[in-house]
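Notes for the one structure printed next.
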Amino acid sequence: MELRHIPHTDLNVTVIGLGTMTWGEQNTEAEGHEQMDAAVAAGVNLFDVAEMYPVPPRAETCHETERIIGTWFAARGGRDKITLATKVMGPGEHVKYLRGGPRLNRKHIEAACEGSLRRLQTDYIDLYQLHWPDRSVPLWGERDFKFPSGEEDLVPIEETLEVLADLQAAGKVRYFGLSNETAWGTMTFLRLAKEKGWPRIITIQNSYSLVNRTFDHSLAEICYREGLRSLPYSPLAFGKLTGKYLNGARPAGARLTLWERFARYNQPNTDEAVAAYVRIAHEAGLDPAQMALAWVNAQPHVASNLIGATSMEQLRSNLASADLTLGSDVMEAIEAVHRSFPNPCA
């Protein structure tokens, strides 16, 4: 499988990375282990997780995905062959059950890191990511920034970066990344790291797919000019881009059947856009999911495309997208649909 270098590091990661957020909710521990075995056999060397996984987050299952990865490492070994990425939570009413309400300050980041190391059964984390900012930003399908109505209760980015620097100095974390971040936040992290001599962030993990290309508005340019790389999540828009939800279908056990809370994937024009992309794939003799993933793989800012699956059949199909190169006719047809239905799932 193709390896891609992340600038400013010694990391070379596979074009496909293994997303894990279903393990402990839709998938059992044994199924998670089976997925890791299959991914490694296919050449994958990046696993991505988070302290709050599985999703949707709830107190009863919080941390379970990290624990499952940890038992896999304990049974299989080979920790040095995997680039292991996890995340620390930002604030939010939906995660008040953790540490009384997580923040990106010293107390919470240090506690989160120690907990992740213990559950993952490792001495170090290759890529430690801030899951979402500790300030008011559009999240989870919100499209626009809203001016705060009063004084914000936020943790200064300087405080966050200082504790990250200490974790790196202690050998607990090798590199750092952002997630669900904005252009302003990304540039501020880069500027402060340079000014203070703190570790620079090297990746950004935001939602990115054929139905959500907002990353390309400004963050893609930052990747190009500042030497960052992206780790796209939800490249199939929670399965929408497979076409399995078209015409009102709700497959048993599918994520958007089980949980209606993921409203960003049910916005106006979504089904019209998905139907058009599925039609392009079928006319080209391609699997719609593999086409959608291959399009993400082809973007120059992408280091590793984070796929996820609940069945081995899905996993094998998604892994095969690493070998698919889309022709110019397919790429041009995709651009035509994007012009007609831009970013319905932003």
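The values are calculated or read from the model by the stated rules, or taken from the named source; none is laboratory data. Please read these numbers as outputs of a predicted model, since none were measured by experiment. Cβ coordinates were reconstructed from backbone atoms using ideal geometry, including for glycine residues, and neighbour counts include every protein chain displayed.
Considering the stretch 8-30 alone, what residues qualify as being in a loop (DSSP other than H, G, I, E, B) and surrounded by 16 or more Cβ atoms within 10 Å (Cβ to Cβ)? Lay out the reasoning, then the answer.
Here is the first cut: in the stretch 8-30, the residues in a loop (DSSP other than H, G, I, E, B) are 8-11, 15, 20-22, 24-26, 28.
Scanning the stretch 8-30 gives THR9, LEU11, VAL15, THR20, MET21, THR22, GLY24, GLU25, GLN26.
If I filter the stretch 62-73 for residues that are on the phi < 0 side of the Ramachandran plot, assigned to a loop (DSSP other than H, G, I, E, B) and either surrounded by fewer than 18 Cβ atoms within 10 Å (Cβ to Cβ) or at pLDDT 95 or above (or both), do I get at least one hit?
Going residue by residue through the stretch 62-73, those that are on the phi < 0 side of the Ramachandran plot are 62, 64-73.
Those still in the list that are assigned to a loop (DSSP other than H, G, I, E, B) too: 62.
If we keep only those that are either surrounded by fewer than 18 Cβ atoms within 10 Å (Cβ to Cβ) or at pLDDT 95 or above (or both) too, we end up with 62.
Yes, the stretch 62-73 contains at least one residue that is on the phi < 0 side of the Ramachandran plot, assigned to a loop (DSSP other than H, G, I, E, B) and either surrounded by fewer than 18 Cβ atoms within 10 Å (Cβ to Cβ) or at pLDDT 95 or above (or both).
Test ALA50 against the stated conditions and say whether it is part of a loop (DSSP other than H, G, I, E, B) and either aliphatic (A, V, I, L, M) or touching a Cys at 6+ places or on another chain (Cβ under 7 Å) (or both).
Yes.
Just one of ARG143, ARG119, ARG76 is surrounded by 15 or more Cβ atoms within 10 Å (Cβ to Cβ) and in contact (Cβ under 8 Å) with a residue 12 or more places away in the chain; which is it?
Numbers: ARG143 fails: surrounded by 15 or more Cβ atoms within 10 Å (Cβ to Cβ); ARG76 fails: surrounded by 15 or more Cβ atoms within 10 Å (Cβ to Cβ).
The unique qualifying residue is ARG119.
Of all residues in the stretch 241-253, count the ones that are touching a residue at least 40 places away in the same chain (Cβ under 8 Å) and either over 22 Å from the mean Cα position of the chain (by Cα) or more than 15 Å from PHE341 (Cα to Cα) (or both). Spell out the reasoning first.
At the first step, the residues of the stretch 241-253 found to be touching a residue at least 40 places away in the same chain (Cβ under 8 Å) are 241-243, 253.
Now narrow it down to the ones that are either over 22 Å from the mean Cα position of the chain (by Cα) or more than 15 Å from PHE341 (Cα to Cα) (or both): 242-243, 253.
Final tally of qualifying residues: 3.
For the condition surrounded by fewer than 16 Cβ atoms within 10 Å (Cβ to Cβ) and either at pLDDT 95 or above or within 16 Å of ARG76 (Cα to Cα) (or both), what is the one hit in HIS33, HIS5?
Details: HIS33 fails: surrounded by fewer than 16 Cβ atoms within 10 Å (Cβ to Cβ).
The match here is HIS5.
Restrict the check to the stretch 258-272 and report whether at least one residue is over 30 Å from PRO133 (Cα atoms) and either surrounded by fewer than 18 Cβ atoms within 10 Å (Cβ to Cβ) or touching a residue at least 40 places away in the same chain (Cβ under 8 Å) (or both).
Looking for residues that are over 30 Å from PRO133 (Cα atoms) and either surrounded by fewer than 18 Cβ atoms within 10 Å (Cβ to Cβ) or touching a residue at least 40 places away in the same chain (Cβ under 8 Å) (or both), one finds at least one in the stretch 258-272, hence yes.
So which of ASN180, ASN212 is closer than 19 Å to TYR128 by Cα and either touching a residue at least 12 places away in the same chain (Cβ under 8 Å) or among the polar types (S, T, N, Q) (or both)?
Numbers: ASN212 fails: closer than 19 Å to TYR128 by Cα.
None of the other options fit; the residue is ASN180.
Count, please, the residues in the stretch 292-315 that happen to be more than 19 Å from THR20 (Cα to Cα) and not in a helix (DSSP H, G or I).
4
I'm checking my understanding of the structure. Among residues of the stretch 161-180 that are among the hydrophobic types (A, V, I, L, M, F, W, C) and in a strand (DSSP E or B), which one is nearest to ARG200 (Cα to Cα)? Talk me through it step by step, then tell me what you get.
The initial filter retains those residues of the stretch 161-180 that are among the hydrophobic types (A, V, I, L, M, F, W, C), namely 161, 163-165, 167, 169-170, 173, 176, 178.
Now drop any that are not in a strand (DSSP E or B), which leaves 173, 176, 178.
Values: VAL173: 13, PHE176: 7, LEU178: 10 Å.
Looking at the filtered set, the residue picked out is PHE176.
Residue by residue through the stretch 36-56, note down the ones that are among the charged types (D, E, K, R) and either under 30 Å from ARG225 (Cβ atoms) or buried (at least 21 other Cβ atoms within 10 Å of the Cβ) (or both).
First pass over the stretch 36-56, keeping only residues among the charged types (D, E, K, R): 37, 48, 51.
Across the stretch 36-56, the qualifying residues are ASP48, GLU51.
Please work out if ARG213 is surrounded by 17 or more Cβ atoms within 10 Å (Cβ to Cβ), among the charged types (D, E, K, R) and within 30 Å of LYS107 (Cα to Cα). Lay out the reasoning, then the answer.
Working: surrounded by 17 or more Cβ atoms within 10 Å (Cβ to Cβ): yes; among the charged types (D, E, K, R): yes; within 30 Å of LYS107 (Cα to Cα): no.
Taking the combined requirement at face value, the residue does not satisfy it.
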